[in-house]
Amino acid sequence: MNNKKTEKSKNARGFYVTLGISALMIGSACYFSYKEGDSKYDNPSSSSQYAVDRKETNIPKATTSRKHSYVTVTTTLKTNEDVNILPVTSEEISESISEPVPEITSEPDNSDKDNINVIYEPPVEEVAVEPEKPDKINQPLKSPLNIINEFSGQELVKNPTTGSWQTHNGTDYKAEIGDDVYSVIDGNITAVNNDPLWGTTVVIQDSNGDIYRYCNLAKDLNVQQGTSICAGDVIGSVGDTADIESAIEPHLHIEVLRGGKYVNPADFIK
């Protein structure tokens, strides 16, 4: 009877010892689990929210520069205040720094006349300079010229040789037989003939269509029909071949026609 009670008492005490050890182990496990979880919250890198709400101070100064074609804008960040670090998108950055770029034109800006002095000079046009032409010999005989019979136009005058009244369509210049006769124009020799009244005759036409007739020349000439001649060239010499004026002293008879009408040779020969 006593042995049964002793054995029963030993079994009850073993049960309570086992129960106490189990409770102690469960409590230890709970304690270590709690410490491990608390250490995770103490680490700042484990939570992005903690980094956003945290305030930073003593941030060094920083500058950003934006350059345009000729304008530089510098922005300085303030550091004497607490700055909240918040995420910023690239679109917000581009909008904050976008500024209109001034348009550059080729026209000078005269708004500030004290600082800018612009002188505009038009381009100089090159003008072709023609070489000077030598003076043309504008007389049929050597100087001085001496007129002995003038151009009469429509007026009738008495011819000393024939005694008849008629117009004198040219001008008579006094000369000596054999004196050289010169062309007073550049032109073409359109006729060389022996007229029954006016003797040996040379006809020259210039570029304007004016016709010059040289009469009472010697038979020996320096020119021929169909050739060109320049002012100052020798045509021939003074002769005595014009029978209609044979009573007049030796001379050169010249006629000028413009538009088919006789005009005063003295107006063209100075």
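Scanning the range 200-215 finds no residues that are among the acidic types (Asp, Glu) and touching a Ser or Thr at 6+ places or on another chain (Cβ under 6 Å).
For Asn216, indicate whether it is part of a strand (DSSP E or B) and in contact with a His (Cβ under 9 Å, 6 or more places away or on another chain). Criteria met by Asn216.
The single residue among Arg258, Arg213 that is charged (D, E, K, R) and closer than 15 Å to Ile189 by Cβ turns out to be Arg213. Take Ile254 and tell me if it is more than 50 Å from the chain's Cα centre (by Cα), closer than 23 Å to Ile148 by Cα and buried (at least 16 other Cβ atoms within 10 Å of the Cβ). Yes: the conditions hold for Ile254. Considering only the range 159-197, state which residues are touching a Ser or Thr at 6+ places or on another chain (Cβ under 7 Å) and more than 26 Å from Asn138 (Cα to Cα). The one that is touching a Ser or Thr at 6+ places or on another chain (Cβ under 7 Å) and more than 26 Å from Asn138 (Cα to Cα): Thr161. Gly170 meets each of the listed conditions (1) out of contact with any Cys (no Cβ under 8 Å at 6 or more places or on another chain); (2) under 18 Å from Leu257 (Cα atoms) apart from (1). Contact list please: Cβ distance under 6 Å, first residue in the range 219-243 and under 17 Å from Ile185 (Cα atoms), second residue of a type in the set (S, T, N, Q), pairs at least six apart or on different chains. Close Cβ pairs (under 6 Å, with a partner that is of a type in the set (S, T, N, Q)) amount to Ser228/Asn188; Ile229/Ser183; Ala231/Ser183; Asp233/Ser183; Val234/Asn222; Ile235/Ser183; Gly236/Asn222.
Throughout, read-outs are computed from the coordinates displayed, never taken from laboratory work. In this text the structure is predicted, and so the values were computed from the model without any measurement. No Cβ is skipped: glycine too gets one built from the backbone with ideal geometry, and neighbour counts run over all protein chains shown.
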